[in-house]
Amino acid sequence: ETVALFVSDVHLQESMPKTTETFLGFLQHHASRARQVYLLGDLFEYWAGDDDLETPYLQQITTALRRLSDAGVALFWVGGNRDFLVSKDFASATGATLLDEPYVTNIGGHRLVLVHGDAQCTDDAGYMAFRTQVRQPQWQQQFLSMPLAQRKAIIAGMRDQSRAANSEKSYEIMDVNAKAIDELFDASEAELMIHGHTHRPALHRYASPKGERQRYVLPDWDCDIESPRGGWIAITADGAIHRIGLDGRELTE
Ligand code: LP5
Ligand code: MN
């Protein structure tokens, strides 16, 4: 029995119909069988504000999420660096509970800490400065007071700048920082961490003075290419943690 599912970085957007369809299939066939589903950020390519919920494309997604929560699946949301503007209208449309990160919980006998993962990329000074700015309530209020079309244009500009900046950054800088991860384990007293953002799916195990620590990194999704990628993590009632591929099968390595 699946106690909880974790998924992130699907980057849902209208221009990626196969990814969208695959994600909707995941909700229908897999998420529906879990007691809890954790959406760990960047489910959407971007989120311009909850007033975008009227868009037919986004309605299709929120309706599918609503169907899950109506069926008794507990939905939880952690914002990513692209969709941190998701707010209470999204929560009421979908029935999801919005969580602040880091979120610490107990699942399947594990003490688990959940984050999107961007805040732990502390070597990326340019991003950290950008993050501090856009997470300020005043900035967000000002941004949200602009017309939706203008917000989308600004986001498109930010996306271009982000792509250009990233092409100049090293692989190491764009990963999480080991010290930031240690500090998060320490502060949360967790022994298990699940996050996304880096698009570097893996299981990292460490020995620490406080016992073994495990950090699972979720994959990003893209099914609109020749070799589709994506997947999720499941915790079953026995406490086992499974990395699952798009075909619903456990990854073995
Ligand atoms: O997103 P991705 O994968 O390209 O890279 C991320 C970091 N970049 C970002 C920026 C987002 O992509 C932009 C879209 C955000 C939409 C949210 C809503 C807008 C709200 C605005 C106000 C409240 O997150 C990237 C990291 C990378 O992950 C890996 O961790 O490196 O960081 C950057 O690229 C930051 C740059 O170093 C500097 C900032 C570029 C953007 C500057 C925008 C200035 C305004 C432009 C207006 C036209
Ligand atoms: Mn991200």
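The values are calculated or read from the model by the stated rules, or taken from the named source; none is laboratory data. This is a predicted model, so every value here is computed, not measured. Positions of Cβ are generated from backbone atoms using ideal geometry, with glycine treated the same way; all protein chains shown enter the neighbour counts.
Here are the numbers:
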item	result
Top-ranked residue of the stretch 1-20 - restricted to ones that are over 12 Å from the mean Cα position of the chain (by Cα), over 12 Å from L58 (Cα atoms) and within 16 Å of ligand 1 (Cβ to nearest atom), ranked as surrounded by the fewest Cβ atoms within 10 Å (Cβ to Cβ)	S15
A234 vs. criteria surrounded by 13 or more Cβ atoms within 10 Å (Cβ to Cβ) and in contact (Cβ under 8 Å) with a residue 12 or more places away in the chain	yes
Residue count for the stretch 159-179, restricted to those that are in a helix (DSSP H, G or I) and surrounded by 15 or more Cβ atoms within 10 Å (Cβ to Cβ)	1
Members of the stretch 144-180 found to be aliphatic (A, V, I, L, M) and either at pLDDT below 95 or within 16 Å of ligand 2 (Cβ to nearest atom) (or both), listed by number	I155, M158, A165, I173, M174, V176, A180
Test: residue in the stretch 132-140 that is of a type in the set (A, V, I, L, M) and more than 8 Å from ligand 1 (Cβ to nearest atom)	no
Selection count, the stretch 109-124, where residues are within 8 Å of ligand 1 (Cβ to nearest atom) and either β-branched (V, I, T) or in a helix (DSSP H, G or I) (or both)	1
All positions within the stretch 144-156 that are more than 18 Å from N166 (Cβ to Cβ) and in contact (Cβ under 8 Å) with a residue 24 or more places away in the chain	L144, L148, R151, K152
Residue, nearest to the chain's Cα centre (by Cα), within the stretch 35-51, restricted to residues that are within 16 Å of I107 (Cα to Cα) and surrounded by 22 or more Cβ atoms within 10 Å (Cβ to Cβ)	L40
Test: residue in the stretch 142-154 that is surrounded by 13 or more Cβ atoms within 10 Å (Cβ to Cβ), within 9 Å of ligand 1 (Cβ to nearest atom), basic (K, R) and more than 20 Å from the chain's Cα centre (by Cα)	yes
Test for T55: is it crowded, with 19+ Cβ neighbours inside 10 Å and more than 15 Å from ligand 1 (Cβ to nearest atom)	no
The stretch 181-194 - residue that is surrounded by 15 or more Cβ atoms within 10 Å (Cβ to Cβ) and among the small types (G, A, S) and, of those, farthest from I233 (Cα to Cα)	S188
Residue match in the stretch 130-145 (condition: under 24 Å from H195 (Cβ atoms) and hydrophobic (A, V, I, L, M, F, W, C))	yes
Among (1) closer than 26 Å to R35 by Cα; (2) surrounded by fewer than 16 Cβ atoms within 10 Å (Cβ to Cβ); (3) touching a Lys or Arg at 6+ places or on another chain (Cβ under 9 Å); (4) of a type in the set (D, E) - the single one D220 does not satisfy	(2)
Boolean, H197 is crowded, with 16+ Cβ neighbours inside 10 Å, more than 8 Å from ligand 1 (Cβ to nearest atom), closer than 30 Å to P17 by Cα and within 17 Å of the chain's Cα centre (by Cα)	no
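This table checks each residue for (1) surrounded by 18 or more Cβ atoms within 10 Å (Cβ to Cβ); (2) in contact (Cβ under 8 Å) with a residue 24 or more places away in the chain; (3) among the aromatic types (F, W, Y).
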| position | (1), (2), (3) |
| --- | --- |
| F76 | yes, yes, yes |
| G80 | yes, yes, no |
| S87 | no, yes, no |
| A91 | no, no, no |
| T97 | no, no, no |
| V104 | no, yes, no |
| I107 | yes, yes, no |
| L112 | yes, yes, no |
| V134 | no, yes, no |
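Rundown of residues vs (1) free of Cβ contacts under 8 Å to residues at least 40 places away in the same chain; (2) over 22 Å from N166 (Cβ atoms), yes/no style:
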| residue | (1), (2) |
| --- | --- |
| E189 | no, yes |
| P209 | yes, yes |
| E212 | yes, yes |
| R229 | yes, no |
| L246 | no, yes |
